[in-house]
Amino acid sequence: MEKVLTEEQGKTLLQIARKTIAGQLGVATESSVSEEAVPDAEYGTFVTLKINGQLRGCIGNLQAAGSVTEGVQRNSLSAAFHDSRFSPLTAEEFAAVEIDISVLSIPQKLEYRDGDDLAGKLRPEIDGVILRHGTAGATFLPQVWDQLPTPEQFLGHLCRKAGLPESGWRDLHPDIEIYQVQCFEEEIA
């Protein structure tokens, strides 16, 4: 994805995310943040929380729902307190949490003939994938390629996440959209 935000703007978004979660927890933060430093651009965003490299929450929106700053604030709170896979983040955990922010390009429909064609068209570590079949649907950010490095693994787990059989990407011909992200990660001290 072409860079839509500067590194400095990305760092500001990370500070906004941390300050937003801290405020909800009643934890004091050291930094003052100028939201004006981030443009009013509208993109989908995801906020991922990790502790010791392990997922602790990840919530986002594929399409813009307000400015990037508003999306980061909303998704920070959702990832920390409303990800159904985890209990709400505690103040004790907050000190160890690492925050990643992904700013998404507009998803594009991917046309393909069959499962082999689909697997061949995906670009590991570049493409995020949205998979839909009937009322089932799920997405994986491009960062998930780190854990699931082949298209077959990636798509199989994505089908399971959507509640479909692991072979659904090959057997059901689901609708596929791809997107790219600009990712900002907190630097681990």
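Looking at the range 95-132, which of its residues are out of contact with any Asp or Glu (no Cβ under 6 Å at 6 or more places or on another chain) and surrounded by 18 or more Cβ atoms within 10 Å (Cβ to Cβ)?
97, 101, 102, 103, 104, 115, 118, 122, 127, 128, 129, 131
Quick check on my filter: what residues within the range 158-181 are of a type outside the set (Asp, Glu) and either modelled with pLDDT under 95 or surrounded by fewer than 17 Cβ atoms within 10 Å (Cβ to Cβ) (or both)?
Hits for the range 158-181 are 160, 161, 163, 165, 167, 172, 173.
Residue-by-condition table, conditions (1) among the basic types (Lys, Arg); (2) in contact with a helix residue (DSSP H, G or I) (Cβ under 7 Å, 6 or more places away or on another chain):
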position	(1), (2)
3	yes, no
33	no, yes
45	no, yes
50	yes, no
63	no, no
78	no, no
98	no, no
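For the range 66-82, what are the residues that are buried (at least 23 other Cβ atoms within 10 Å of the Cβ), under 17 Å from residue 5 (Cβ atoms) and out of contact with any Pro (no Cβ under 8 Å at 6 or more places or on another chain)?
If the condition is that a residue be buried (at least 23 other Cβ atoms within 10 Å of the Cβ), under 17 Å from residue 5 (Cβ atoms) and out of contact with any Pro (no Cβ under 8 Å at 6 or more places or on another chain), then 69, 71, 72, 75, 76 are the ones that fit.
Restricted to the range 19-44, and to residues that are among the hydrophobic types (A, V, I, L, M, F, W, C), closer than 26 Å to residue 87 by Cβ and surrounded by 13 or more Cβ atoms within 10 Å (Cβ to Cβ), which residue is modelled with the lowest pLDDT?
Among residues in the range 19-44 that are among the hydrophobic types (A, V, I, L, M, F, W, C), closer than 26 Å to residue 87 by Cβ and surrounded by 13 or more Cβ atoms within 10 Å (Cβ to Cβ), the one modelled with the lowest pLDDT is 27.
The values are calculated or read from the model by the stated rules, or taken from the named source; none is laboratory data. Remember, it's a predicted structure, so these values are computed and weren't measured experimentally. In this analysis, Cβ positions are derived from the backbone assuming ideal geometry, glycine residues included, and neighbour counts consider all displayed protein chains.
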